[in-house]
1. If you split all Cα-Cα distances of region 1-123 into 10 Å bins from zero, what percentages do you get per bin, shortest first?
2. Using the C-alpha gyration tensor of the chain, what are the square roots of 5 times its eigenvalues, in whole angstrom, with the largest one first?
3. Using only the C-alpha atoms of region 135-174, find the volume of their convex hull and express it per residue in Å³.
4. In deg cm²/dmol, rounded to 500, what helix-only [θ] at 222 nm does the chain give when every DSSP H run of at least 4 residues adds -39500 (n - 2.57) and the total is split over its residues?
5. Can you give the Rg to Rh ratio for region 129-279, taking only C-alpha atoms and Rh from Kirkwood?
6. Starting with the fewest neighbours, write out 94, 260, 189 ranked by other beta-carbon atoms found within 10 Å of each beta-carbon.
7. Post the alpha-carbon centroid distance, region 224-246 to region 17-61, in whole angstrom.
8. Of all DSSP beta bridges located in region 9-122, what percent are antiparallel, nearest 5?
């Protein structure tokens, strides 16, 4: 992996995989970028530039914990763009990374060539995500359904100072609902979660932030693709309509059979949608 130094001196690690025009990936979590893999084979047509968010993976922990807030994480994207010498970016954000990518696009609209938002987070918008219960309701025959329901209640009631072991226990028990199915492939991908998550970064992501800048996205000139999976019981499908409605050149597509990680569940459909949009 290579490194770049962000605006405040924090050293972040990144790497590239694949061949073709660059696509910068903003990881969710915040968690180390390895879980993005090669995005289901998208590396066959694009050079995927993956970086570990500050405080995760190989990247350094910042001196100031307040810089875990997502508007600051957007400044890391600009530092990476400058380091790479790119005039504009094709940018993809996943989950919480879609919040960072959106904040970056609002602050630097001229730097965005195309923007892809995968499984975006409803928390930013204060709406959307209300269909998660309905999605879970379609999967009552799954062997994990009862355990996931219990974990969902615990997740909402976790105090900010909950012990990391308790947080991870709840997350682990809820995880099957984030996938379109729970086969060996999905379980192997989920097994990386604990090693990649950084709870300090996670707890600081929303600290001291507001969403007043969302109005700036209404004039974003770049085309935007919003992707959701119809079995995503983590963030849902309706949030895709909410996000796309706030962007003038956006469309929302839903991938059948996919969950929160559509490149894991339905790689062919995912890569076709993203590659077609970027082309």
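1. For region 1-123, the binned pair fractions read 14, 51, 32, 3 percent.
2. Details: eigenvalues 141, 95, 70 Å².
The answer is 27, 22, 19 Å, longest axis first.
3. Working: hull volume 2.3 nm³, N = 40.
So the per-residue hull volume is 57 Å³.
4. Details: 11 runs with 98 residues, N = 279.
After summing the helix terms and dividing by the residues of the chain, the value is -10000 deg cm²/dmol.
5. Values: Rg = 16.9 Å, Rh = 17.1 Å.
Dividing the radius of gyration by the Kirkwood radius yields 0.99.
6. Working: 94 29, 260 24, 189 18.
Lowest count first: 189, 260, 94.
7. Value for the Cα centre distance between the two parts: 21 Å.
8. On the way: 5 of 18 bridges.
DSSP beta bridges in region 9-122 are roughly 30 percent antiparallel.
The numbers here are math on the coordinates, done by the rules we state, and not lab data. It should be emphasised that the depicted structure is a prediction, and the values quoted were computed from it without experimental measurement. As a convention, Cβ positions derive from the backbone with ideal geometry for all residues, glycine included, and neighbour counts pool all protein chains shown.
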